[in-house]
1. Among what's in segment 69-112 and is assigned to a loop (DSSP other than H, G, I, E, B) and at pLDDT 80 or above, pick the residue that is surrounded by the most Cβ atoms within 10 Å (Cβ to Cβ).
2. Scan segment 1-30 residue by residue and report those that are surrounded by 15 or more Cβ atoms within 10 Å (Cβ to Cβ) and either within 13 Å of residue 94 (Cβ to Cβ) or touching a His at 6+ places or on another chain (Cβ under 9 Å) (or both).
3. Considering only segment 56-68, how many residues are open to solvent by 50 Å² or more (accessible area, probe 1.4 Å) and farther than 12 Å from residue 162 by Cα?
4. Would you please name the residue that is farthest from the chain's Cα centre (by Cα), looking only at residues in segment 37-55 that are surrounded by 11 or more Cβ atoms within 10 Å (Cβ to Cβ) and of a type in the set (S, T, N, Q)?
5. Taking the residues in segment 16-28 that are among the hydrophobic types (A, V, I, L, M, F, W, C) and modelled with pLDDT under 85 as candidates, determine which candidate is farthest from residue 44 (Cα to Cα).
6. What pairs come up if the first residue lies in segment 33-45 and is farther than 21 Å from residue 22 by Cα, the second is open to solvent by less than 60 Å² (accessible area, probe 1.4 Å), and their beta carbons are under 8 Å apart, counting only those six or more places apart or on different chains?
Amino acid sequence: MKKALFFGIVALAVLAGLFYGTPYFAMNQLRAASITQDADALAAHVDSNRLRANLGRQLRALFAAPEVASDINPDIVDPLLDTMLMPEGIVALLKLNAHYETAAGRRSDISGLRRNTAPAYSLNYVSWNSVVVQRAHSKSRVGELTLSRDGLWHWKLTSVALPKNLADA
């Protein structure tokens, strides 16, 4: 009886660890697909409808700013979204945070040498169904990725934070 209880608790702990680690696994798959620019693998990890809606809201707000509203036709948003949701566009969105990373964040230590390895990411649960992924050394929210739960074990990209105004872009 005690052995069964022990193995049951161990199995439950392993299952909980796997469950907790699923967004990390999904982010690694998404990153690998973006590096190889594998369109099918990217599509499997992106919720296109939710990402399109999220990016559309951000672009409309960005283009509605008084300093650019008269210069940019709002009809440009849909073709721009089509381009952003192509595999190449998604790869560019995934790399967006690197553009806004501080110079100190690109360095490996106090010696000032540049990192030779891939950047580290921090992943934070926002809720049961949502995690935010950001470069570990970045102070900017631009380029933050939001992964949302798709079923019990899978996660999909649903949001990428864009600059709040064109002066930041």
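The values are calculated or read from the model by the stated rules, or taken from the named source; none is laboratory data. Nothing here was measured: the structure is a model prediction, and the numbers come from that model. Positions of Cβ are backbone-derived with ideal geometry, glycine not excepted, and every protein chain shown enters the neighbour counts. For the accessible areas, the whole protein counts, side chains as well, though only heavy atoms, and no ligand, DNA or RNA atoms are used. Shrake-Rupley method; radii C 1.70, N 1.55, O 1.52, S 1.80 Å.
1. Among those residues, the one meeting the criterion is 85.
2. The answer is 22, 26, 27, 29, 30.
3. Qualifying residue count for the region: 3.
4. The residue in question is 37.
5. Narrowing segment 16-28 to residues among the hydrophobic types (A, V, I, L, M, F, W, C): 16, 18-19, 25-27.
Then drop every residue that is not modelled with pLDDT under 85, which leaves 16, 18-19.
Numbers: 16: 24, 18: 20, 19: 19 Å.
The residue in question is 16.
6. 37/87; 37/91; 39/87
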